[in-house]
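Quick notes on the structure that follows.
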Amino acid sequence: MAIEVIRSGAPAGAEITGVDISAGVDEETFIDIRNALHEYGVVVLREQRISPEQQLGFCRRFGNFEPHAVPQYLVPGYQDLLCVSNILDDNDQPIGLIDAGRVWHTDGHFDERPNMYSMLYALEIPRDEQGRTLGSTWFLSTAAAYDSLPLELKRRLEGMRADNSLAAVYQAMKRIHAATKRAPLSAERQAKVVTHPVVRTHPATGRKCIYVSQAATLRIHGLSDEESRALIDELHAICVREEMIYRHRWEVGDLLLWDNCSTQHYAVGDYALPQRRLMHRTTIEGAVPV
C-alpha cells in the first residue's frame, strides 16, 4: 500500500491515508504505521469499514491483548473488545463505558505493566443541531513535554518514583463529574497501588516521557504530601499547555491508535442522549516502565 502521513501540527497526532484494513495490511505497510505511531504518539486511519474480527486481527499485530479493567462492558462474544458508549439497553442500563477518559490520563497507569497501545474504532458519533461532531478526544505528547523541561527540572526528576492507582482515577472523576455512574471497584482494585518512574523511557524510541498524571498519581516518593502534589500539578501544567494539545474530531469509520507511554488523553463529554456515541476499543499490553 502507498500511504501518506499528514501531521496534525501539534507535537502529537497524524493522519495516515491509503490504508484499508478490511483489505488486509501487508508487513511493510504495517511497519510504516507502527513507526508513525511511535513518532507521533497518536495516528488515525479514517474511513475504515471493519468488523470486530478485522479490528481484532489488525490490533493483534501490535502485541498481546490486555484484559480490560471494566469487563462488564465487553462487546458480547468478544473478550478483547470493550464497548465505549452512552447508549442504553431495554432496561435503561448503559451498554458500554459512558465516561471513559473524562480526565487527563494514560491507559493502564495503575497496573504493573501499563497498556502500551490503545485503539478505538468509531461506529456512531454524536452531533449537534448544526451537524457538528461532538465528543472529541484531546491528546498531548509527554515526550515533547519532557523535552521542554528546564535542565534543572530534568535533573531533579532523575530517579524519582511515584505511586499510582485506579482508585485515585475514580476519585478524580467523582470530584470533576459528580454524576459518574461507574460500578464500584473491587476490594482488590481499591487497595492496589503500583510504583512507576516519574520519567519513563519509551521501549521502542528511547525517548524520555513524563509519566505522572493528576488523576492516577497519588504521591511522589521522597517528598512531603504538599511538595508531591505541587510537583504533580507543575508537571501537569507543563503537559497541557495549549500548544501541546492535538484535538481529534471524530468521524464514523475512524480507527484511532495511540501510544500510552508517550501521550496522555482526555475525552470531552459535551453530548448526551439522544446524541449517541458508540465505539469499540482494544488494548495492547506493555512492559514494566523503566
### Task
Would you mind telling me the share, in percent, of accessible area of the chain contributed by carbon and sulfur at probe 1.4 angstrom?
49 percent
### Summary
Taking every DSSP bridge whose two residues both lie in the chain, the antiparallel percent to the nearest 5 is 95 percent
### Task
Can you bin the chain into rounded, prolate or oblate? Criterion: square roots of the alpha carbon gyration tensor eigenvalues sorted a ≥ b ≥ c, rounded for a/c under 1.5, prolate for a/b above b/c, oblate for the rest.
oblate
### Task
Could you compute the FRET efficiency for R60 and A204, with r as their C-beta to C-beta distance and R0 at 22 Å, rounded to 0.05?
0.80
### Task
At 1.4 Å probe size, with every protein chain present, just tell me what the per residue accessible area of the stretch 212-267 comes to in Å².
39 Å²
### Message
Please compute the Kirkwood hydrodynamic radius of the stretch 51-164 from all pairs of different C-alpha atoms, in Å with one decimal.
### Response
17.4 Å
### Message
Taking the Kirkwood radius as the inverse of the mean 1/r across Cα pairs, report the Rg/Rh of the stretch 241-281.
### Response
0.98
### Query
Along the Cα-to-Cβ line of E152, 7 Å from the Cα, sits a label point; which residues in the stretch 217-242 have backbone N less than 20 Å from it?
223-224, 227-239
### Message
Restricting to DSSP H runs of at least four residues, report the calculated mean residue ellipticity at 222 nm for the chain, -39500 (n - 2.57) per run over all residues, nearest 500 deg cm²/dmol.
### Response
-6500 deg cm²/dmol
### Query
Rg (Å, one decimal) plus Dmax (Å, integer) for the alpha carbons of the stretch 19-86?
13.3, 38
### Query
Say the dipole of the chain comes from +1 at the beta carbon of Lys and Arg and -1 at that of Asp and Glu; which of G9, L231, P289 then lies farthest toward its positive end?
L231
#### Entry: Extension gain (nm, one decimal) between D233 and E112, 0.36 nm per residue minus Cα-Cα
41.2 nm
### Message
Defining a contact as two alpha carbons under 8 Å apart and six or more residues distant in sequence, what relative contact order in percent does the chain show?
### Response
34 percent
### Task
May I ask you to compute the full-extension gain from I31 to R249, defined as 0.36 nm times their residue separation minus their alpha-carbon distance, rounded to one decimal in nm?
75.9 nm
## Note on the structure
With Rh as the Kirkwood radius over Cα pairs, the stretch 1-118 has Rg/Rh of 0.98
#### Entry: Residue-span extension gain [L88 to E226] - 0.36 nm each, minus C-alpha spacing
45.5 nm
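The values are calculated or read from the model by the stated rules, or taken from the named source; none is laboratory data. Everything quoted here is computed from the prediction, not taken from an experiment. Note that each Cβ is placed from the backbone with ideal geometry, even for glycine, and that neighbours are counted across all protein chains shown. We work out accessible area using only protein heavy atoms, side chains counted, and drop any ligands, DNA or RNA first. Shrake-Rupley method; radii C 1.70, N 1.55, O 1.52, S 1.80 Å.
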